[in-house]
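The values are calculated or read from the model by the stated rules, or taken from the named source; none is laboratory data. Here the structure is a predicted model, which means the values were calculated and not measured. With ideal geometry, Cβ positions are generated from the backbone for all residues, glycine too; neighbour counts draw on all protein chains shown.
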């Protein structure tokens, strides 16, 4: 599609925010913090993994490894044991390596810079954008499975093999740059709700992968 019009953007934002106010998942524990390390942990845990599987693990992980320095210093065996049940154990290894890099190169503080975030092991564009949006309230372009579902459902009806290159300009157009953290919480929940009501629109993405 072409760029959405200002009127389409306004209608879409109101639809997303209205549903979030009424049905949003406001009690998710990672939404109650802006600590960059805690946000990074949640973003890595949620990579290709459903919220229901992350919920029992997230707070226990932070209790055992409350900072990047603590995770960097922990034995790998303890890290893998704490990760058990989330699958894709290579993510735990990468997260520990990321913590080691943060400790060594950033004085234990997860960086605010996109390039520095993407240089961390296991951190790709979506994870870096998630940290920027949720920890720092930065208007990053955060494209993950629920966001894809929302955009494809509303802006690409009837289309298959929708490419991320087509979604990114739409994502940039609809982004509420005055409150990106709230916007992405709302947009994630809108996409989640859509997937429960209609056949998952993100399956019409050229980049679709199934969550565990």
Within the range 67-118, residues at negative phi, touching a helix residue (DSSP H, G or I) at 6+ places or on another chain (Cβ under 8 Å) and assigned to a loop (DSSP other than H, G, I, E, B) come out as 67, 74, 86, 89, 106, 109, 110, 111, 112
* **Hey, residue 110 at pLDDT 95 or above, within 27 Å of residue 204 (Cα to Cα) and crowded, with 23+ Cβ neighbours inside 10 Å or not** => no
By residue number, the members of the range 129-143 that are outside any helix (DSSP H, G or I) and free of Cβ contacts under 8 Å to residues at least 60 places away in the same chain are 138, 139, 140, 141, 142, 143
Screening 53, 118, 32, 97 for residues that are without any contact (Cβ under 8 Å) to a residue 40 or more places away in the chain and more than 20 Å from residue 136 (Cα to Cα) leaves only 97
Every listed condition ((1) within 19 Å of the chain's Cα centre (by Cα); (2) part of a helix (DSSP H, G or I); (3) under 18 Å from residue 147 (Cβ atoms)) holds for residue 57 save (3)
The lone condition residue 9 fails out of (1) surrounded by 14 or more Cβ atoms within 10 Å (Cβ to Cβ); (2) within 26 Å of residue 124 (Cβ to Cβ) is (2)
* Asked: Going by the structure shown, is residue 184 within 25 Å of residue 2 (Cα to Cα), in contact with a helix residue (DSSP H, G or I) (Cβ under 7 Å, 6 or more places away or on another chain) and not in a helix (DSSP H, G or I)?
  -> no
Only one of 154, 182, 189, 176 is assigned by TED's automatic domain parsing to the domain that holds residue 19 and surrounded by fewer than 17 Cβ atoms within 10 Å (Cβ to Cβ), namely 182
In the set 157, 169, the lone residue that is part of a loop (DSSP other than H, G, I, E, B) and over 22 Å from residue 51 (Cβ atoms) is 157
### Query
Is there a residue in the range 59-82 that is within 29 Å of residue 193 (Cβ to Cβ) and loosely packed, with under 14 Cβ neighbours inside 10 Å?
yes
Can residue 55 be described as closer than 29 Å to residue 202 by Cβ, at pLDDT 95 or above and either surrounded by 15 or more Cβ atoms within 10 Å (Cβ to Cβ) or touching a strand residue (DSSP E or B) at 6+ places or on another chain (Cβ under 7 Å) (or both)? no
When residue 23 is run through (1) at pLDDT below 95; (2) within 30 Å of residue 66 (Cα to Cα); (3) touching a helix residue (DSSP H, G or I) at 6+ places or on another chain (Cβ under 7 Å), the failure sits at (2)
Note to self: Checking the structure you have, find out if any residue of the range 122-138 is farther than 27 Å from residue 189 by Cβ and in the same structural domain as residue 69 (by TED's automatic domain parsing).
What the structure shows: no
